[in-house]
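The values are calculated or read from the model by the stated rules, or taken from the named source; none is laboratory data. Bear in mind the structure is a predicted one, so any value in this text is a computation, not a measurement. Neighbour counts run over all protein chains shown; Cβ positions are idealised from the backbone, glycine included.
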Amino acid sequence: MTATRLILLGGPGAGKGTQAKRLVATLGVPQISTGDLLRAARKAGTPLGEQAKSFMDAGQLVPDVLIIELVNERLTQPDANAGYILDGFPRTTAQADAMRTHGIVVERVVNLVVGDDVLTERLEQRRVCRSCGSSFHLEFHSPKVAGVCDVCDGELYQRRDDSPEVIPQRLAAYALQTSPLVAYYDELGIVRTVDGTGEMSRIFERIIEALS
Ligand code: AMP
């Protein structure tokens, strides 16, 4: 049976968001990206968005208590009944513990492995659509028209935290706070390591194999 309650683990720029969007179409369960939820909260000017702002712009993790509440609320929506692709959550062992406490089931953890030099290059070259969130790489997956999203014609922009000043902070946060989750879930025997480099469609095939 194919797992439908998943965590995509991997450093910033590992391809979690891109692959999650493909998985949505194949598995028929929603992508739940805490980064996207936080950016939406910021755009809407909610108290959560305001609180998250300074952490995000500095490349630091937003406090666990805020994130756990955000995810719990999202998971109560009916579209998550049959499963979910967690993209960017959990990012700390405290978040993983909170998931267990709340009875949020995880069947598979896909660990997308990409080296720091490749991650840095991908983040610097990344442009994201303001409307639909699709991601492009200026060299390897460039939009057909510069600055315009291929999917929805929305405007492409560079995330503030994809800047050369912030990227090292994000890589450090991943190494220190998030990478211990590999061992955490390995103890449960549910981690599959997937090479996150090369063709996007090939990476997707590897992920699908890892879900069976
Ligand atoms: P992402 O879009 O996943 O790269 O997340 C962008 C930023 O949002 C991160 O650098 C953090 O500041 C914040 N963030 C997203 N998800 C989490 C999380 N699970 N825990 C803490 N902070 C998060």
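Numbers below:
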quantity	calculated
Residue within the range 14-31 that is on the phi < 0 side of the Ramachandran plot and without any contact (Cβ under 8 Å) to a residue 12 or more places away in the chain present	yes
The range 171-203: number of residues that are under 24 Å from Pro143 (Cβ atoms) and within 15 Å of the chain's Cα centre (by Cα)	1
Selection count where residues are charged (D, E, K, R), under 23 Å from Tyr184 (Cβ atoms) and within 11 Å of the ligand (Cβ to nearest atom), scope the range 47-73	1
Members of the range 125-143 that are closer than 9 Å to Leu156 by Cβ and assigned to a loop (DSSP other than H, G, I, E, B)	Arg130, Ser134, Pro143
Any hit, the range 108-118, residues being at pLDDT below 95 and assigned to a loop (DSSP other than H, G, I, E, B)	no
Any hit, the range 158-171, residues being touching a strand residue (DSSP E or B) at 6+ places or on another chain (Cβ under 7 Å) and outside any loop (DSSP other than H, G, I, E, B)	yes
Some residue of the range 142-159 being at pLDDT 95 or above and either aromatic (Phe, Trp, Tyr) or closer than 14 Å to Gly15 by Cα (or both)	yes
Count - residues of the range 10-46 that are within 11 Å of the ligand (Cβ to nearest atom) and under 22 Å from Ile167 (Cβ atoms)	16
Filtered residues of the range 117-141 (kept if within 20 Å of Leu9 (Cβ to Cβ) and of a type in the set (Asp, Glu))	Asp117
Positions within the range 180-212 being among the small types (Gly, Ala, Ser), without any contact (Cβ under 8 Å) to a residue 12 or more places away in the chain and on the phi < 0 side of the Ramachandran plot, in sequence order	Ala183, Ser201
Single condition Cys149 does not satisfy, out of (1) of a type outside the set (Val, Ile, Thr); (2) surrounded by 18 or more Cβ atoms within 10 Å (Cβ to Cβ); (3) within 16 Å of the ligand (Cβ to nearest atom); (4) within 20 Å of Arg22 (Cβ to Cβ)	(3)
Residue satisfying condition, being of a type outside the set (A, V, I, L, M), in contact with an Asp or Glu (Cβ under 8 Å, 6 or more places away or on another chain) and closer than 29 Å to Ala210 by Cα, within set Gly103, Gly115, Gly133, Gly147	Gly133
Members of the range 10-53 that are farther than 14 Å from Leu86 by Cα and of a type in the set (Val, Ile, Thr)	Thr26, Thr46
Extreme residue, nearest to Leu181 (Cα to Cα), among residues of the range 74-94 that are within 14 Å of the ligand (Cβ to nearest atom) and charged (D, E, K, R)	Arg91
Among the candidates Gly11, Gly59, residue that is in a loop (DSSP other than H, G, I, E, B), crowded, with 17+ Cβ neighbours inside 10 Å and touching a Leu at 6+ places or on another chain (Cβ under 6 Å)	Gly11
